[in-house]
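Below is one structure; the comments refer to it alone.
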Amino acid sequence: MSVPTPISSGKSGKANWSFFGRQGGVSKKPYDSLNLADHVKDDENSVLKNREILAEHLSMPLVLIGATHSANVVNVQSEFPEVHPDTDALVTRETNLGIVIMSADCAPIILFDPVSHVVGVVHAGWQGMLVGVVANSIEVMFDLGAEPQNMKAIIGPTISAKNFTATQQRFDEVKDIEPNAAVKLPDGKLAIDIRKGVKSQLAKYQIKTTDLNICTFDTPDLFSFRRDPVTGRNATVAWLSE
């Protein structure tokens, strides 16, 4: 069994983050191998083992979202409960506590203020983007002392627009609320650009944003729901060190 190795990771002050892909767990195909999601019909024991593996690898307890494409945000103050149902973003000021979102094409976003020591993780697909999960997460971080001039965002592996074509109905729905995310491809097809939409929402708060520009669909080492409808979820973790 391989060890969980992040696709990308970083640190700024006490804020730390890592984006993990498929490798390093025990799940069998088609969930191979580091699937942390328990809502995709993977073996329950394998999912629990994967969560344990990642927690041991990071040497800290983990708290996870339930991932329902909502705008709900939780301020995590302890390691219990381990999973927050009907939640798509977590923020915390606690140290040595990993907050985790799972995604497989939706945008995983790290938010952090290295001065005020607040971190957040956001699961923003096209639905979450439209209902306001990004803005809600930022506002909760403001409540915890984060300042817009100090905050930064990192957009992790997300499906690219060329791989996310849309029906006219969905295109129009997105265009009505987040017009920057509704795009036409060079071949004339309609598509959703989640990255562009999320960047637009972050820009409204003047938050400095870095896009890793990694497409889940085009990267075999990442889970992608649009590529493989039966699959696991990539883990994105943020935490504050002491």
Of (1) of a type in the set (A, V, I, L, M); (2) under 24 Å from VAL83 (Cβ atoms); (3) in a loop (DSSP other than H, G, I, E, B); (4) open to solvent by less than 50 Å² (accessible area, probe 1.4 Å), ILE214 satisfies every one except (2)
Cβ pairs under 8 Å, 6+ apart or interchain, first in region 169-187 and under 19 Å from GLN201 (Cα atoms), second in a helix (DSSP H, G or I) and of a type in the set (Asp, Glu), ordered by first then second residue, are ALA182/ASP172
Counting only residues in region 61-100 that are touching a Phe, Trp or Tyr at 6+ places or on another chain (Cβ under 8 Å) and surrounded by fewer than 19 Cβ atoms within 10 Å (Cβ to Cβ), the one farthest from ASN136 (Cα to Cα) is identified as ASN96
Checking VAL198, VAL174 in turn, the sole residue that is open to solvent by less than 10 Å² (accessible area, probe 1.4 Å) and within 26 Å of PRO114 (Cα to Cα) turns out to be VAL198
The residue from GLN206, GLN201 that alone is of a type in the set (S, T, N, Q), over 27 Å from ASN35 (Cα atoms) and outside any loop (DSSP other than H, G, I, E, B) is GLN201
Residue set PRO148, PRO157, PRO108; condition part of a loop (DSSP other than H, G, I, E, B) and under 17 Å from the mean Cα position of the chain (by Cα); output residue PRO157
Scanning region 177-195 for residues that are farther than 19 Å from ALA135 by Cα and in a loop (DSSP other than H, G, I, E, B), the one least open to solvent (accessible area, probe 1.4 Å) turns out to be LEU185
Taking region 127-171 and keeping only residues that are among the aromatic types (Phe, Trp, Tyr) and open to solvent by 40 Å² or more (accessible area, probe 1.4 Å), one is left with PHE142
State yes or no: is ALA37 over 26 Å from LEU130 (Cα atoms) and in contact with a strand residue (DSSP E or B) (Cβ under 6 Å, 6 or more places away or on another chain)?
no
Of (1) within 26 Å of ALA203 (Cα to Cα); (2) assigned to a strand (DSSP E or B), LEU64 satisfies every one except (1)
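The values are calculated or read from the model by the stated rules, or taken from the named source; none is laboratory data. The model shown is predicted, which means the values in this text are computed figures rather than measured ones. Neighbour counts run over all protein chains shown; Cβ positions are idealised from the backbone, glycine included. Ligands, DNA and RNA are stripped out before the accessible areas are found, and what is left, the full protein with its side chains, is counted by its heavy atoms. Shrake-Rupley method; radii C 1.70, N 1.55, O 1.52, S 1.80 Å.
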